[in-house]
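J.: Before I ask anything, here is the structure I am working with.
The values are calculated or read from the model by the stated rules, or taken from the named source; none is laboratory data. Because the structure is predicted, anything quoted here is derived from the model rather than measured. Cβ sites come from the backbone with ideal geometry, for glycine too, and all protein chains shown count toward neighbours. Accessible surface areas use protein heavy atoms only, side chains included; no ligands, DNA or RNA. Shrake-Rupley method; radii C 1.70, N 1.55, O 1.52, S 1.80 Å.
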Amino acid sequence: RGISGNLGESRGISHRLHFSVAWALSPLGLCKGPRAGGGGGGGVCDAAGACGHAREHEAALLQLLEPLPEDGGALRAVLRVLHAELGAGATSALAQAARELLAETESPLDDAAVAAALELLEPFRHDEAEAARAAHKAAVEAVQEASEAERQLAPKEAIAASGGYGAGLEWRQLHGRCFEAEDRGFTYKACPFQEMRQGSPGGRASRQQTLLGNFTRWEPVSGERASQLARAGRTPSELGTMRFEGGAACGGGAVRRATLYFECGEQDALLEVTEPETCVYEAWMSTPLACSLALLREKVATLEEASAAASLEFRPSDELRALLAAPE
């Protein structure tokens, strides 16, 4: 808005600097009001008046410029300070002020130089480069996702290769799932093929800090142990038990370990957890995966005997009869 003309009417480089600073600081640009030297129309406002507006920060800044030496080096130093204080948003205004202030010094700035410098401040954008960067980012993310999937898949492949999921991989459906149960005020969490944990009384197993062990292997149930369980009315899975080892320290150099038994049941559920020895845990889960045709026949025979003893008629459904007649 005719900044050159207004500056030309001013007297002294300090006066022009006052104007330039006020213009750069004002969000409205060149303010309207009486010039410092009098006369009507728009022009330069005095520092104290600040164009009639209460802008204490402008007035205080302008007062600091009163003893400014009239040379280009000092002006450049002041402009650098202003740029640092005002931020990049005021750079364009300060550049125009610098051009006017340095016009009469030994280092003037021409319009072309100012315009070229301001172009460098604009955010660089190149459509092809942006597209290439986006494609590279997507490729890196895809590689990371693939690596994570491979990391998670590796232990599952090892378990499957060792027969840990069963002949038909039917036990794989338990991998990645966790089951909770409370016992004696503690909350236990069993994650088949992964880990077992113990929660503090009144807490949640997912928040507890005690690791009972990490899954290491399937282990067959010994004949003696199977007989003990049979006398107690329990039949473990034919696949055996899961062993969890390397748990949290338990004093005396020992570490916690756990054994997870599976028995036939309609639902996947953690039934109970006991501690037969200090820091040695035994847990039982029910799951349809532990049900076998031989076990089913045994259960049906038991029901038939109990029904006969109670003088009750036991009538298996047609589906159950067909299942019992199927080959092993």
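J.: So Trp284 passes all but one of these: (1) over 30 Å from Cys178 (Cβ atoms); (2) open to solvent by less than 30 Å² (accessible area, probe 1.4 Å); (3) aromatic (Phe, Trp, Tyr). Which condition number does it fail?
T.: Evaluating Trp284 over (1) over 30 Å from Cys178 (Cβ atoms); (2) open to solvent by less than 30 Å² (accessible area, probe 1.4 Å); (3) aromatic (Phe, Trp, Tyr) leaves (1) as the failure.
J.: Among the residues of segment 148-190, count how many are under 15 Å from Trp284 (Cβ atoms) and either polar (S, T, N, Q) or in contact (Cβ under 8 Å) with a residue 12 or more places away in the chain (or both).
T.: Of the residues in that region, 8 qualify.
J.: Search segment 280-298 for residues that are assigned to a strand (DSSP E or B) and pair each with any residue that is basic (Lys, Arg) and open to solvent by 50 Å² or more (accessible area, probe 1.4 Å) when their beta-carbon atoms are under 7 Å apart and the residues are at least 6 apart or on different chains.
T.: Once the first residue is assigned to a strand (DSSP E or B) and sits in segment 280-298, its partners that are basic (Lys, Arg) and open to solvent by 50 Å² or more (accessible area, probe 1.4 Å) give Val280/Arg257.
J.: Evaluate the following for Arg197: is it open to solvent by 40 Å² or more (accessible area, probe 1.4 Å) and touching a Phe, Trp or Tyr at 6+ places or on another chain (Cβ under 6 Å)? Walk me through it before giving the result.
T.: Values: open to solvent by 40 Å² or more (accessible area, probe 1.4 Å): yes; touching a Phe, Trp or Tyr at 6+ places or on another chain (Cβ under 6 Å): no.
So Arg197 fails the test.
J.: If you take the residues of segment 135-166 that are small (Gly, Ala, Ser) and open to solvent by 70 Å² or more (accessible area, probe 1.4 Å), which of them is nearest to Phe215 (Cα to Cα)?
T.: So in segment 135-166, the residues small (Gly, Ala, Ser) come out as 135, 138-139, 142, 146-147, 149, 154, 158, 160-164, 166.
Next, from what is left, pick out any that are open to solvent by 70 Å² or more (accessible area, probe 1.4 Å): 161-162.
Details: Ala161: 16, Ser162: 14 Å.
Going through the qualifying residues, I end up with Ser162.
J.: Would it be correct to say that Leu211 is part of a strand (DSSP E or B), surrounded by 12 or more Cβ atoms within 10 Å (Cβ to Cβ), of a type in the set (A, V, I, L, M) and touching a Lys or Arg at 6+ places or on another chain (Cβ under 7 Å)? Before you say what the answer is, go through the steps one by one.
T.: Details: part of a strand (DSSP E or B): yes; surrounded by 12 or more Cβ atoms within 10 Å (Cβ to Cβ): yes; of a type in the set (A, V, I, L, M): yes; touching a Lys or Arg at 6+ places or on another chain (Cβ under 7 Å): yes.
When the stated conditions are applied, Leu211 passes them.
J.: Okay, next question. Residues that are on the phi > 0 side of the Ramachandran plot and outside any helix (DSSP H, G or I): does segment 261-277 have at least one? Lay out the reasoning, then the answer.
T.: Going through segment 261-277, the residues on the phi > 0 side of the Ramachandran plot turn out to be none.
No, there is no match, as no residue in segment 261-277 is on the phi > 0 side of the Ramachandran plot and outside any helix (DSSP H, G or I).
J.: Provide a single number: the residues in segment 253-275 that are open to solvent by 50 Å² or more (accessible area, probe 1.4 Å) and more than 19 Å from Asn214 (Cα to Cα).
T.: Selection size over segment 253-275: 4.
J.: Find all pairs meeting these conditions: Cβ atoms under 9 angstrom apart; at least six residues apart or on different chains; first residue within segment 220-244 and under 23 Å from Val255 (Cβ atoms) and among the small types (Gly, Ala, Ser); second residue open to solvent by less than 20 Å² (accessible area, probe 1.4 Å) and not in a strand (DSSP E or B).
T.: Qualifying pairs under 9 Å: none.
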